[in-house]
1. Quick one: divide the alpha-carbon radius of gyration of segment 484-534 by 2.2 N^0.38 Å and tell me what you get.
2. If you find the alpha carbon centre of segment 30-44 and of segment 130-202, how far apart are they in angstrom?
3. Figure the gain on full extension for Glu410 and Val252 (residue separation times 0.36 nm, minus the Cα-Cα span) and round it to one decimal in nm.
4. Taking 30 Å as R0, compute the FRET efficiency from the Cβ-Cβ separation of Arg521 and Asp447 and round it to 0.05.
5. Work through the residues other than Leu141 whose Cβ is under 14 Å from its Cβ and net out their charges, Lys, Arg +1 and Asp, Glu -1.
6. Net charge within 9 Å of Ala103 by Cβ-Cβ distance, Lys/Arg positive one each and Asp/Glu negative one each, not counting Ala103 itself?
7. What longest range of the chain stays clear of loop-exposed GluC sites (Glu not before Pro) (DSSP non-H/G/I/E/B, at most 16 other C-beta within 10 angstrom)?
8. Considering the options Cys219, Ala161, Pro139, tell which one lies farthest towards the positive end of the dipole of segment 128-223, charges being +1 on Lys and Arg and -1 on Asp and Glu at the Cβ, about the Cα centre.
Amino acid sequence: MSVIQPKSSKEAGGSFLFQPLGRRPIFTPEQFSDEHKLMYQTARDFCVNEVLPHVAELEAKSSDLMVRLVKRAGQLGLLANDVPEAYGGLGGDKVTSMLLAEATALNASWSATVMAHNGIGTLPIVYFGTREQKEKYLPKLANAEWLGAYALTEPGSGSDALAAKCRALLSPDGKHYLLTGTKQFITNGAWADVFIVFAQLDGKFTAFIVEKKFPGVSCGPEEHKLGLHGSSTCALILENAEVPVENVLGDVGRGHKIAFNILNVGRWKLGAGSVGGAKELLSKAVAYAQERKQFGKAIVEMGAIRKKLARTAANLYAVESMCYRVAGLTDERIALVEPSDPSYDRKVIEAIEEFNVEASILKVAGSEMLAQAADELLQVWGGYGFLEEYPAARVYRDNRINRIFEGTNEVNRLLVPGTLLKRAVAGILPLMTAFAEAQKSDHEGNDDRAAVESSKRATVFTLGTLVGHYMQSISDEQELLEALADAIIGCFALDSAFARAGEDENLLTLARAFAAETRPRLFESLRTALGAPAESRRRPGDAGPLPVPGAAVGRHRAA
Ligand SMILES: Cc1cc2nc3c(=O)[nH]c(=O)nc-3n(C[C@H](O)[C@H](O)[C@H](O)COP(=O)(O)OP(=O)(O)OC[C@H]3O[C@@H](n4cnc5c(N)ncnc54)[C@H](O)[C@@H]3O)c2cc1C
C-alpha cells in the first residue's frame with residue numbers, strides 16, 4: 001500500500017488502517033520509564049499484599065473492608081494519576097493510567113471498584129467541571145476521602161443511554177434541580193459519596209454532580225451477581241433529589257459529550273485490565289502445568305496444553321501491544337495542548353476522543369481475549385479448575401461482565417466501522433483513496449509485513465465495496481458491520497503486534513503465532529461481510545452485484 005498522508009501532521013485516530021506498517025514508531029511496553037514501572041509495581045504490590053489475602057471477606061461483603069482499602073490506596077496516591085496536580089492529583093500520563101488499570105486487575109472486584117471511582121466517577125469532573133466544582137470535589141476524590149460513581153444506565157435504557165427518563169425540574173425558588181428517576185446497576189452504589197448522574201432537563205440530556213447526602217437520594221439493595229461479588233452494584237433512587245443549580249456538570253443539553261467521552265477512557269482501561277487479569281492467570285496456569293503430572297510427565301509437555309498456553313500468550317501480546325500503542329498516541333496528542341490554554345481540559349478530552357475507534361477495539365479485543373483465556377486456562381487445571389479454591393473459577397465468573405459494561409461488545413463492534421466511516425466522510429481518513437489503491441495493489445511479497453499489509457488492503461477493499469453498495473443504509477446491516485469490525489480489529493492487532501516486534505525474534509514468534517490464527521479468521525470475516533447475507537437480502541432494483549467473495553478477497557489471500 002502506498003503512503004497516504006493523513007490530513008494533519010498529528011496521528012489521526014483510525015489511521016492504522018490506511019498507513020503502512022511501521023510508518024510511525026509506536027509506544028510499546030519495552031519503552032516504559034522507571035517511573036512507569038514504579039507506579040505499576042506499587043499498585044500491584046498493594047493489590048497482592050492488601051487485597052488478595054482478603055478476597056473471601058470482600059466477596060462475603062461482611063464488613064466495610066473494600067471501602068477501607070480504597071481509602072488506603074487513595075492515601076498512598078494510587079488513585080490520583082488522572083487528577084491534575086492543582087487539585088491534589090498526580091497529573092500523570094495515560095501510559096501510567098493503563099499500567100494502573102493492569103495492576104488493579106489481579107482481582108476483578110477490586111478493579112471494578114477502583115475504576116468506577118477514579119475513572120468514570122471522577123473524570124467527568126476533571127474534564128468538564130468548573131473551577132469551583134474541581135476545587136470542591138477533586139481533592140477529596142483523588143485521595144478517596146470520598147468515593148465516586150457514575151450513573152447513566154436506567155431500567156428502561158441501557159445501550160440506548162440517551163433515552164433516559166430520569167428528569168430534572170428547577171425548584172420554585174430557582175436554587176435546586178429536583179431529580180426524579182432510577183439509575184440501574186450502579187457500581188459503588190452503596191459506597192459512593194458522589195455520583196455523576198445523567199437526566200433530562202427540559203428534554204435536554206444533562207449531567208449533574210449528586211452527593212449521596214442530598215435530600216431525596218437513596219440506594220436500592222445490592223444485586224446478586226454472577227461475578228464481581230466483592231463490588232457493590234445497586235440502583236440509585238432519586239425522589240425529587242435536591243441538587244444545587246451550581247452542580248450542573250458541563251453545559252445543559254451536552255450530557256452526551258460527557259457520557260460517551262468518559263466511556264472511551266473506561267474502554268481502554270478495560271482493555272488494559274484484561275491484559276492484567278490474563279497475565280496473572282497465565283502465569284499461574286504455566287506453574288500448575290509444570291507441576292501437575294499425568295501419564296508419567298508434566299502436562300506442560302503435552303501439545304494440547306502447550307497450545308492453550310501459547311495461544312493465550314500470543315493473544316495477550318497482541319492486546320497489550322494495542323493498549324500501549326493507544327496510550328502512547330493519546331499522550332502524544334495531549335502533549336500538544338498548551339497547559340496554560342484556557343480550554344486545556346476540553347482539548348485533552350478531544351485528544352482522548354480522537355482515538356475512540358481504538359478505544360472500542362481495546363474494549364472488544366481485551367474482553368474477548370480474557371474470556372478465551374479464562375475458558376481455555378481453566379481447562380489446564382482439569383477438575384480442579386472447577387473448584388472455587390483454584391484461581392480460574394473466579395476469573396471465569398468475573399470476566400463475563402466485561403463484554404457487557406462500558407458499552408456492550410455488540411454496540412462497540414458497531415461503533416468501529418461506523419466511526420471510521422464518519423471520519424472518512426469528514427475527510428479525516430482517506431478511505432476512498434485507499435480503496436482505489438487497494439483495487440490496484442497486488443501481493444508485495446510473502447513476509448510478515450506483506451501479510452499485514454494484505455490484511456489491511458483487503459479490509460479497506462471490503463469496506464469501500466460495501467459502502468459503495470449500501471451507501472447510507474449500511475448502518476442497518478448489523479451482521480455485516482460486525483464482520484467488518486472483526487476484520488478491522490484484526491488489522492489493528494496485527495499491525496500493532498508486528499510494529500512492536502520489529503526485529504526482536506522472541507516478539508516476532510508471538511506476533512507470528514497470533515497472525516497464524518488471526519489472519520484466516522480475518523479473511524473469513526471479510527468473506528462473510530461480502531457474501532451470503534447480502535446476497536440473500538438483495539431485492540430487485542438494488543445496486544449491482546457485489547464482487548464474488550472468493551475473487552475479491554481471495555486476491556489478498558489469508559495464508
Ligand atoms: C455489574 C454491572 C456493573 C455496572 N456498572 C454500571 C455503572 O457503574 N454505571 C452505569 O451507568 N451502568 C452500569 N452498568 C450497566 C451496563 O453498562 C449496562 O448493563 C449495559 O450498558 C447494557 O445495557 P442493558 O443491560 O440495559 O442491556 P440492553 O441495552 O437492553 O441490551 C440487551 C442486548 O441487546 C443488545 N443491543 C442493544 N442495543 C443494540 C443495538 N443498537 N444493536 C445491536 N445490539 C444491541 C446488547 O448488546 C445486549 O446484548 C453495569 C452493569 C452491570 C451488570
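1. Values: Rg = 12.7 Å, N = 51, 2.2 N^0.38 = 9.8 Å.
The value comes to 1.30.
2. 34
3. Once the chain is fully extended between Glu410 and Val252, it gains 53.9 nm.
4. 0.90
5. Working: positive: Lys71, Lys134, Lys136, Lys140, Lys212; negative: Asp82, Glu135, Glu145, Asp193, Glu211.
With Lys, Arg at +1 and Asp, Glu at -1, the neighbours total 0.
6. Charge balance in the 9 Å sphere: -1.
7. 224-387
8. Of the listed residues, the answer is Pro139.
Since every read-out is calculated from the coordinates, none of them should be taken as a lab result. Every value quoted in this text rests on a predicted model; they were computed, and no experiment measured them. When we count neighbours, we look across all protein chains shown, and the Cβ atoms used for this are built from the backbone with ideal geometry, even at glycine.
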